[in-house]
Amino acid sequence: MSPIGVFGGTFDPIHYGHLRSAYELLQDLGLGEVRFVPSAEPPHRGSTFAPAGLRYRMVEVAVAGQDGFMVDDCEFHRGGPSYTVDTLAAIRAEHGAAPLCLIVGMDAYLGLTAWHRWTEILGLAHIVVAHRPGWQLPDTGALGELLAECGTEDVGELHRQSCGRIYHHAVTQLEIASTEIRELVAAGKDPRFLMPDGVRDIIVESGCYTK
Ligand code: ATP
């Protein structure tokens with residue numbers, strides 16, 4: 001069974017940096033699909049800029065028509081902060097023993113030990129770290145110990161086992177950040193070509209990042 005990629009994020013808004021990384025992982029790792037999971041209530045942020053429903057809609061529009069991409073609304077059915085461990089447990093309950101790959105960028109991976117019940121995550125999924133070419137995962141501290149215990153260079157293990165491995169993969173890193181997009185729009189500029197046109201249209205029509 002091909003692994004299911006789980007790509008969580010605030011997606012405030014989604015952009016080509018997210019989409020290109022996910023697409024390269026879909027192809028290079030032989031994932032069956034990538035589920036984009038917009039965070040309903042991101043635990044690490046005071047509040048988001050665009051409301052949850054609009055961020056969800058932008059992801060839905062961004063992935064429409066791309067084979068293997070889908071949006072998952074599981075965090076919208078739970079109350080309280082959207083913890084990744086709960087999301088993975090929900091997807092695990094739905095898919096039995098299928099391999100799950102939690103996709104994170106290097107910045108997110110470096111903060112892993114601050115996540116809610118982070119030690120349970122590898123019992124539910126593999127972790128796939130998408131990083132810039134040439135970057136290395138930390139080999140000291142708690143993350144270094146985790147890598148020594150769970151790291152693998154063999155993509156086949158992501159297919160043969162349901163969870164428990166850490167794999168890193170270099171992807172084309174587009175220097176796009178949601179923060180910069182929001183700032184650009186607030187300054188009255190057009191975010192065209194940083195994201196699919198449908199997402200840009202929602203931003204312009206809703207005025208969600210306009211000051
Ligand atoms: P913000 O600027 O608001 O912090 P962001 O652009 O980093 O947002 P998030 O929704 O917080 O986007 O990120 C979701 C995931 O996407 C994280 O795992 C993050 O590491 C990753 N990510 C963010 N930007 C990029 C990018 N340009 N290329 C690849 N992955 C990215």
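For this structure, a couple of remarks:
- Any chance ALA97 is farther than 19 Å from LEU25 by Cα, within 12 Å of the ligand (Cβ to nearest atom), touching a residue at least 60 places away in the same chain (Cβ under 8 Å) and small (Gly, Ala, Ser): no
- Scan region 116-150 for residues that are assigned to a loop (DSSP other than H, G, I, E, B), within 24 Å of HIS44 (Cα to Cα), of a type in the set (A, V, I, L, M, F, W, C) and modelled with pLDDT under 95 and the total you get is 1.
- Residue list for region 168-195, restricted to those being outside any helix (DSSP H, G or I) and farther than 24 Å from LEU102 by Cα: ALA187, GLY188, LYS189, ASP190, PRO191, ARG192, PHE193, LEU194
- Number of positions in region 167-211 that are buried (at least 19 other Cβ atoms within 10 Å of the Cβ) and away from the ligand (no atom under 14 Å from the Cβ): 4
- Residue count for region 123-150, restricted to those that are surrounded by 14 or more Cβ atoms within 10 Å (Cβ to Cβ) and within 20 Å of LEU26 (Cα to Cα): 8.
- THR113 vs. criteria loosely packed, with under 14 Cβ neighbours inside 10 Å and without any contact (Cβ under 8 Å) to a residue 24 or more places away in the chain: no
- Single match in SER21, SER47 (criterion: at negative phi and in a helix (DSSP H, G or I)): SER21
- Tally of residues being within 15 Å of the chain's Cα centre (by Cα), more than 14 Å from SER178 (Cα to Cα) and either crowded, with 16+ Cβ neighbours inside 10 Å or β-branched (Val, Ile, Thr) (or both) across region 42-61: 3
- Each residue in region 64-82 was checked for being under 24 Å from VAL204 (Cβ atoms), surrounded by 18 or more Cβ atoms within 10 Å (Cβ to Cβ) and touching a residue at least 40 places away in the same chain (Cβ under 8 Å), and 1 of them qualify.
- LEU122, sole failed condition from (1) under 26 Å from GLY156 (Cβ atoms); (2) without any contact (Cβ under 8 Å) to a residue 12 or more places away in the chain: (2)
The values are calculated or read from the model by the stated rules, or taken from the named source; none is laboratory data. Keep in mind the model is a prediction, meaning the values are calculated, not measured. Note: ideal-geometry Cβ built from the backbone for every residue, glycine included; neighbour counts use all protein chains shown.
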